[in-house]
Amino acid sequence: MSEISISLQPESPKPPPPKKRRRPRPDGAAKERSQRLGLVATILVGSLVVHLVLLLVFGIWTVAKHFTRPEARFEVKKIVKIPPQTPEHKMNVAKHEAMAPKPVFNDKLVSTRPTAFALPDLPRLDLDQVLPLDPSELISDQVSGLVGSAALGSGLGSGLSGGGGTGRGMSFFGVQTQGQRVLLLFDVSASVVNKANAAGIPLERIQEETLKLLDTLPIAAQFSLIQFTGNYLPFTDDLVAATPGNKELARQWVRDRWVKSGTMGGSASGVVSNRTGVVGVLERATAMRPDVVFLISDASFQWRPGGGGGFSNVPYDEIKKAVEALGESARGKVPLHFIAFQPKPGDKDEWSRIVKKTGGEFRELKAE
């Protein structure tokens, strides 16, 4: 039999489980401080996220800009410069002021008492010899003085017709034009001299018409002359005022320095060596800034730009570039007037188109 042991001692009671300590509820100040810290943390995290997004966008834009950068382009813009006209303006203002009536003083000293002396009697004049004034002449002088800067005064003639002083411009070998800065280019090569003689216009006639044009220029105008074959001989480095002294120097230059042999050595006094023919002459003309140009030639030009070999005809593309470089003046395009002696049909057609674009005129002189 199994033994059953019965314990008479009572079982010891189990200890009660420990009570959980309750955290003290935060008061109002602690709760507000906790919310503030949470708000600051949220702002910091949001700012960090925004900065990271912006940094990422900027990096993408920088890389895209590098791949989409446009190619470099270089452009040359044409700058239009209006040459100063201070001397002409001052002269026109002085002329206008000279026409203004002088102030009149009406205050006079009058004596009502007789004096011990008397003024001498006025001399007697023969009224039959006094010429009456023509009011129309006074008005025409005033009008021409006011419009002198635009129409070159009232002393400009009509070229071959002998000059009537119409004040509407100038004329050279029948070509009518206007301008205040006049430049004449003379081709004095042997072929031009021979063709001019064949056309019934000898060298003396060309010199005569040149001097006639210079005489009609008013003092407010400016002018110069250039002779050329391959090399060229300028009268002055720049345009000079049409004063009586400069006109006299030009007359002497035309009489004494005019090239009659058909050639022009580069070692002669004042001659400029030039291998580009009429292109170099037109480049020199551009630097002088004229507003009207006369070119006298047979329309056949040669050059030797490389310096070696023989001469060849100047390409018309180069001539067109040189003519276009004349640009514009205060009155608009610079007209180039071409006076030709027996030009070839092809040269005549090309030069007619070139001068027409400048507003100039192509005129062929033939024997009368």
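The values are calculated or read from the model by the stated rules, or taken from the named source; none is laboratory data. All values derive from a computational prediction rather than experimental measurement. Here the Cβ positions follow ideal geometry from the backbone for every residue, glycine too, while neighbour counts run over all protein chains shown.
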Just wondering, is there one or more residues in segment 256-272 that are more than 21 Å from Q207 (Cα to Cα) and surrounded by 15 or more Cβ atoms within 10 Å (Cβ to Cβ)? yes
The lone exception for E208 - which of (1) at pLDDT 90 or above; (2) under 29 Å from the mean Cα position of the chain (by Cα) it fails: (2)
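Looking at the structure I just gave you, is T243 in contact with a helix residue (DSSP H, G or I) (Cβ under 9 Å, 6 or more places away or on another chain) and either surrounded by fewer than 20 Cβ atoms within 10 Å (Cβ to Cβ) or among the hydroxyl-bearing types (S, T, Y) (or both)?
Numbers: in contact with a helix residue (DSSP H, G or I) (Cβ under 9 Å, 6 or more places away or on another chain): no; either surrounded by fewer than 20 Cβ atoms within 10 Å (Cβ to Cβ) or among the hydroxyl-bearing types (S, T, Y) (or both): yes.
Considered against the rule, which asks whether it is in contact with a helix residue (DSSP H, G or I) (Cβ under 9 Å, 6 or more places away or on another chain) and either surrounded by fewer than 20 Cβ atoms within 10 Å (Cβ to Cβ) or among the hydroxyl-bearing types (S, T, Y) (or both), T243 comes out as no.
Out of everything in segment 174-227 that is among the hydroxyl-bearing types (S, T, Y) and either outside any strand (DSSP E or B) or free of Cβ contacts under 8 Å to residues at least 12 places away in the same chain (or both), what residue ends up being nearest to A250 (Cα to Cα)? Working first, answer last.
Of all residues in segment 174-227, those among the hydroxyl-bearing types (S, T, Y) come to 177, 189, 191, 210, 216, 224.
Filter once more, keeping what is either outside any strand (DSSP E or B) or free of Cβ contacts under 8 Å to residues at least 12 places away in the same chain (or both): 189, 191, 210, 216.
On the way: S189: 21, S191: 25, T210: 10, T216: 13 Å.
Here the answer is T210.
Conditions (1) in contact with an Asp or Glu (Cβ under 7 Å, 6 or more places away or on another chain); (2) modelled with pLDDT under 90; (3) assigned to a helix (DSSP H, G or I); (4) not charged (D, E, K, R), marked per residue:
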residue: A250; (1), (2), (3), (4): no, no, yes, yes
residue: R255; (1), (2), (3), (4): no, no, yes, no
residue: S267; (1), (2), (3), (4): no, yes, no, yes
residue: I296; (1), (2), (3), (4): yes, no, no, yes
residue: G310; (1), (2), (3), (4): no, yes, no, yes
List pairs: first residue in segment 270-283 and in contact (Cβ under 8 Å) with a residue 24 or more places away in the chain, second residue crowded, with 21+ Cβ neighbours inside 10 Å and acidic (D, E) anywhere in the structure, Cβ distance under 9 angstrom, at least six positions apart or on different chains. V278/D187; V281/D187
Given the structure, is G346 small (G, A, S) and either modelled with pLDDT of 95 or more or closer than 16 Å to V292 by Cβ (or both)? no
